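Undergrad: Submitted below is the structure of interest, expressed as structure tokens.
The values are calculated or read from the model by the stated rules, or taken from the named source; none is laboratory data. The model shown is predicted, which means the values in this text are computed figures rather than measured ones. Here Cβ is always computed from backbone atoms with ideal geometry, including for glycine, and neighbour counts include all displayed protein chains.
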Amino acid sequence: MGRKLPPGTKIVLASHNKGKLREFSDLLSPHGIEMVPAGELGLPEPDETAPDFAGNARIKALAAAQASGMPAFSDDSGFCVAALGGEPGVLSARWGGPEKDFSKAMALVNERMGEATDRRAWFVAALCLAWPDGHTETFQGRVDGTAVWPPRGGKGFGYDPMFVPLGGTETFGEMDADAKHAISHRARAFAQVLAACFA
Ligand code: IMP
């Protein structure tokens, strides 16, 4: 059984990504959990040097917990394409370049996929809760679907406009936030965090 957070505990959200901060505030608001973004505390962003999502989520949450002295929550996530051997994967943010241009990153994915007939793609989110004493709890969620081109829709963030979840017709970029949260990798991982650490 996971370590629990007492009700009312304030936690640091170890992310500087605006899209993720918005989605977490949607996911958290019904549960009365108060989170302070790492940026507001002036916490630095550690290098993400692990080879997998869970390892990078742990690096980020531990760095924020140890720097702030408060429990911290992180997300490491990415877009994976079967025809590219799972890339961009943990490098999803970096494919956007220093200017974080995801139109460019999506064009690169499309260019590298070329005429591949295998269009399977998925998003993964690893969420980690870390305590200042070094204890961590990590959970992972995934949503499967198809990579489409051209990109469609101006909602969401990152690679959302080129991803259609299995059984759907709209891209994540065309879907309302609530519809994305009903099935997303992040929401699936978050449901596990809630059950294990907030129940
Ligand atoms: P990181 O976890 O900060 O390394 O960045 C993950 C990157 O993956 C983001 O910058 C997005 O480009 C992409 N990503 C993660 N989750 C989503 C999502 O829900 N929709 C679209 N792109 C996402």
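Undergrad: Among (1) over 20 Å from H181 (Cα atoms); (2) more than 11 Å from the ligand (Cβ to nearest atom); (3) surrounded by 13 or more Cβ atoms within 10 Å (Cβ to Cβ), where does D26 come up short?
TA: (1)
Undergrad: What residue, among those in region 15-59 that are closer than 16 Å to R94 by Cβ and among the charged types (D, E, K, R), is modelled with the highest pLDDT?
TA: D52
Undergrad: Just to verify a result, which residue in region 152-167, among those that are out of contact with any helix residue (DSSP H, G or I) (no Cβ under 8 Å at 6 or more places or on another chain) and at negative phi, is farthest from the ligand (Cβ to nearest atom)?
TA: Per the stated criteria, the residue is L166.
Undergrad: Can I ask one more? Kindly list, by first and then second residue, each pair from a residue in region 1-21 that is over 16 Å from T138 (Cβ atoms) to a residue that is of a type in the set (K, R), limited to pairs with Cβ atoms under 7 Å and residues at least 6 apart or on different chains.
TA: Between residues of region 1-21 that are over 16 Å from T138 (Cβ atoms) and residues that are of a type in the set (K, R), there is no close pair.
Undergrad: What's the number of the only condition in (1) of a type outside the set (G, A, S); (2) within 26 Å of G55 (Cβ to Cβ); (3) surrounded by 14 or more Cβ atoms within 10 Å (Cβ to Cβ); (4) in contact (Cβ under 8 Å) with a residue 12 or more places away in the chain that T171 fails to meet?
TA: Among (1) of a type outside the set (G, A, S); (2) within 26 Å of G55 (Cβ to Cβ); (3) surrounded by 14 or more Cβ atoms within 10 Å (Cβ to Cβ); (4) in contact (Cβ under 8 Å) with a residue 12 or more places away in the chain, the lone unmet condition for T171 is (2).
Undergrad: Moving on to the next point. What is the residue count in region 84-98 for residues that are part of a loop (DSSP other than H, G, I, E, B) and surrounded by 13 or more Cβ atoms within 10 Å (Cβ to Cβ)? Write out each step before concluding.
TA: The initial filter retains those residues of region 84-98 that are part of a loop (DSSP other than H, G, I, E, B), namely 85-87, 92-93, 97-98.
Within this subset, residues satisfying the condition of being surrounded by 13 or more Cβ atoms within 10 Å (Cβ to Cβ) are 86-87, 92-93.
Residues that pass the stated criteria total 4.
Undergrad: If you don't mind, another one. Quick one: count up the residues across region 137-192 that are within 23 Å of R58 (Cβ to Cβ) and of a type in the set (G, A, S).
TA: The total comes to 6.
Undergrad: Do we have T146 as within 11 Å of the ligand (Cβ to nearest atom) and either at pLDDT 95 or above or of a type in the set (S, T, N, Q) (or both) here?
TA: no
Undergrad: Within region 63-90, take every residue that is out of contact with any Phe, Trp or Tyr (no Cβ under 8 Å at 6 or more places or on another chain) and of a type in the set (S, T, N, Q) and give me the one that is nearest to the ligand (Cβ to nearest atom).
TA: Only one residue fits best here, namely S74.
Undergrad: Of the residues F198, F139, which is surrounded by fewer than 21 Cβ atoms within 10 Å (Cβ to Cβ) and away from the ligand (no atom under 14 Å from the Cβ)?
TA: Going through F198, F139 in turn, the sole match is F198.
Undergrad: Return the residues of region 1-51 that are under 14 Å from S74 (Cβ atoms) and among the charged types (D, E, K, R); say none if nothing qualifies.
TA: Hits for region 1-51 are K20, E23, E45, D47, E48.
Undergrad: Could you go through region 58-73 and let me know if any residue there is over 17 Å from A130 (Cα atoms) and buried (at least 21 other Cβ atoms within 10 Å of the Cβ).
TA: No - not one qualifying residue is present in region 58-73.
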